[in-house]
1. State whether the residues of the range 150-161 include one that is assigned by TED's automatic domain parsing to the domain that holds residue 206 and under 31 Å from the mean Cα position of the chain (by Cα).
2. What residue, of 117, 122, is under 30 Å from residue 195 (Cβ atoms) and out of contact with any strand residue (DSSP E or B) (no Cβ under 7 Å at 6 or more places or on another chain)?
3. Residues to consider are 30, 85; find the one that is modelled with pLDDT of 80 or more, among the β-branched types (Val, Ile, Thr) and at negative phi.
4. Sort through 200, 164 and tell me the only one that's in a loop (DSSP other than H, G, I, E, B), surrounded by 13 or more Cβ atoms within 10 Å (Cβ to Cβ) and not charged (D, E, K, R).
5. Just give me the residues in the range 178-197 being among the charged types (D, E, K, R) and either in contact (Cβ under 8 Å) with a residue 40 or more places away in the chain or part of a helix (DSSP H, G or I) (or both), in sequence order.
6. Restricting to the range 165-193, name every residue that is closer than 26 Å to residue 209 by Cβ and out of contact with any strand residue (DSSP E or B) (no Cβ under 7 Å at 6 or more places or on another chain).
7. Can residue 236 be described as under 14 Å from residue 135 (Cα atoms), modelled with pLDDT under 70 and among the small types (Gly, Ala, Ser)?
8. Name the residue that is surrounded by the fewest Cβ atoms within 10 Å (Cβ to Cβ), counting only residues in the range 172-191 that are of a type in the set (Gly, Ala, Ser) and closer than 13 Å to residue 140 by Cβ.
Amino acid sequence: MLPMTNPDTPDTTPQADDIATVELPEPAAVHEAVAEIAAGREDEIKRRRLEDMRVAEALLFATKEPLTERAIGERLGEGSDVTGVLEDLRGKYAPGGVHLVQAGGRWYFRTDPALGERLHLEKLVPRKLSRAAIETLAIIAYHQPVTRAEIEEIRGVIVSTGTLDILLEEGWIKPKGHKNVPGRPAMWGTTSAFLDHFGLESIQDLPGLDELKAAGLLDSRRGVGAYATRADDMGAAPFDTEESDAAMDPLVESGDSSSDGDDSASSS
């Protein structure tokens, strides 16, 4: 049965052309949009992780002391995965010669222990010989083979063990047998290293007295004689120390003054 309509009432039934249609996106397009959003967020996370790694790396290289995760996290900012950043950084350096190490809750860089032998460096440090060592070496060179007692007799002071030890470490002297006297004391002489260092082919090439005077290396000071004078005043030979070397300077000067005075008195 058809509904009855009033012919005087306008027809308000919507026509097919007047109905607005809403097109729903295809499922594939929805999935693609979601994937793009997820990829963008993932890229942002990766970018943040790489930036955090760069900051942590710079901090660990610049600091003098190992750093805690808390100290590193303060520089990375809120929300940073400090532990993850450090683990990624450790993995980055694992194949190289420098490793990121954690010890006692602190992180720091150190060289690979396996490379220790190849990184070992030997540096020659020049050592300035003391006055006592130079005089002892000169006596040994000119009087070898010579015993320690003979060195002390020439210098007028007791030669300390340290003086001979220094010359032994330098490789300039070595034992040359024992003297055939009671006690059989060791005798000392120079080595080939001594000749090489001073540019000598043999011990006979050492400069003589005239050559030393011509070179201005000898003067009127009493030198070794001053040690003997001091020993006589003390009643025993003084010990051979750096302090004794410094104490000899005024003694030598006073010796020169007294000798000049004696010359003036004799001339008058």
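1. Yes, the conditions are met somewhere in the range 150-161.
2. The conditions single out 122.
3. Every option except 85 fails the conditions.
4. From the options 200, 164, the qualifying one is 200.
5. The answer is 196, and nothing else.
6. The answer is 170, 192, 193.
7. In short, no.
8. Result: 186.
The values are calculated or read from the model by the stated rules, or taken from the named source; none is laboratory data. Predicted model, so just to flag it, every value in this text is computed and none were measured. Don't worry about glycine lacking a Cβ; one is built from the backbone with ideal geometry, like all the others, and counts go over all protein chains shown.
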